[in-house]
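**Q** Sharing a structure with you now.
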C-alpha cells in the first residue's frame with residue numbers, strides 16, 4: 001500500500017509518500033503526479049520518500065521519469081538515499 005499526501009505552497013508542490021512504491025501503487029503515483037503537476041505551473045516539485053518502505057523496479061523507473069520531468073527528492077535511509085543519488089548521477 002502507498003499513501004500519497006499532497007501539500008502545496010506558493011512556491012512548491014510536495015508529494016509525501018508512505019509505504020511501498022511498488023506494483024499497482026506506481027501507477028497511482030503517476031496519476032497523482034500528472035493531476036497535480038498539470039495545475040501547478042512554475043512551482044518546484046518535491047517528492048518526499050522519507051517514509052517509503054520499499055521500491056520495486058517499476059517504482060525506480062517511475063522516479064527516473066519524474067526526475068526527468070523536474071522532480072526533486074527528499075530521502076532518508078541508506079537504500080533510498082543511494083537510489084536518489086543514482087538518479088541524480090544519471091542526468
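Just so you know, all these numbers are worked out from the coordinates, no wet-lab data involved. The model shown is predicted, which means the values in this text are computed figures rather than measured ones. Don't worry about glycine lacking a Cβ; one is built from the backbone with ideal geometry, like all the others, and counts go over all protein chains shown.
**Q** Being part of a strand (DSSP E or B) and within 20 Å of residue 80 (Cα to Cα) is the filter here; which residues of the stretch 7-30 pass it?
**A** Within the stretch 7-30, 14, 15, 16, 17, 18, 19, 20, 21 qualify.
**Q** If you go through the stretch 47-61, how many residues are buried (at least 18 other Cβ atoms within 10 Å of the Cβ) and touching a helix residue (DSSP H, G or I) at 6+ places or on another chain (Cβ under 8 Å)?
**A** 5
**Q** Taking residue 27 as meeting all but one of (1) under 19 Å from residue 60 (Cα atoms); (2) buried (at least 16 other Cβ atoms within 10 Å of the Cβ), write down the number of the exception.
**A** Going through (1) under 19 Å from residue 60 (Cα atoms); (2) buried (at least 16 other Cβ atoms within 10 Å of the Cβ) one by one, residue 27 breaks only (2).
**Q** Just checking, which of 14, 44 is surrounded by 17 or more Cβ atoms within 10 Å (Cβ to Cβ) and free of Cβ contacts under 8 Å to residues at least 40 places away in the same chain?
**A** The conditions single out 14.
**Q** Do we have any residue at all in the stretch 31-45 that's on the phi > 0 side of the Ramachandran plot and either in contact with a strand residue (DSSP E or B) (Cβ under 6 Å, 6 or more places away or on another chain) or in a loop (DSSP other than H, G, I, E, B) (or both)?
**A** The answer is yes, given that some residue of the stretch 31-45 is on the phi > 0 side of the Ramachandran plot and either in contact with a strand residue (DSSP E or B) (Cβ under 6 Å, 6 or more places away or on another chain) or in a loop (DSSP other than H, G, I, E, B) (or both).
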